[in-house]
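Okay, so here's the structure we're looking at.
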Amino acid sequence: LSLSPPSPQMDDEDCERRRGECLDEMSDLEKQFLELKDKLFRERLNQVKVKLDEVLTGKAGEYREPLATLQHNMTTTTTTTTLLQQHNMMLQTQVAGNYYYCY
C-alpha cells in the first residue's frame, strides 16, 4: 500500500483500487482497535472484580490499615463522648445538690 499522492498518469481504475485498499486497511485498523479496546475493558473489569473481592473479604491491605485507624478513632471518640456525658451528669447532680443544700 503506497501512501504517495496520486500522479496525473493514474487512471480511474488505479484510483478506485487504491481507494479500496485504503478503505480495507482502515477497516482492519478499526477492527484491531475495537478488539484491543474490548480486551482492555475486560482486563480492567476483571481487575476491579478481583479488588472488590479482596475488599469484601478483608484481604485488601491498602484498605485494611486505614480502616483499622478509622475504627480506632471511632472507638476513642465514642469512649470520650460517653465519659464526658457521664462527667457532665455528675457535675449537674452536684450543682443541683449544692443548690438545695444552700437554700
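A few points about this structure:
- Per residue, the Cα convex hull of the stretch 10-59 amounts to 35 Å³.
- Reported label for calculated Kirkwood radius over Cα pairs in Å given [x] 14.2; [y] 21.9; [z] 13.5: [y]
- Between Ala68 and Tyr100, full extension at 0.36 nm per residue minus the direct alpha carbon distance yields a gain of 6.7 nm.
- Between helix 61-102 and the chain: long-axis angle, C-alpha atoms, 0 to 90°, nearest 10: 30
A short reminder: the numbers here are calculations on the coordinates, not readings from a lab. What you see is a predicted model; the values in this text were computed from it and never measured.
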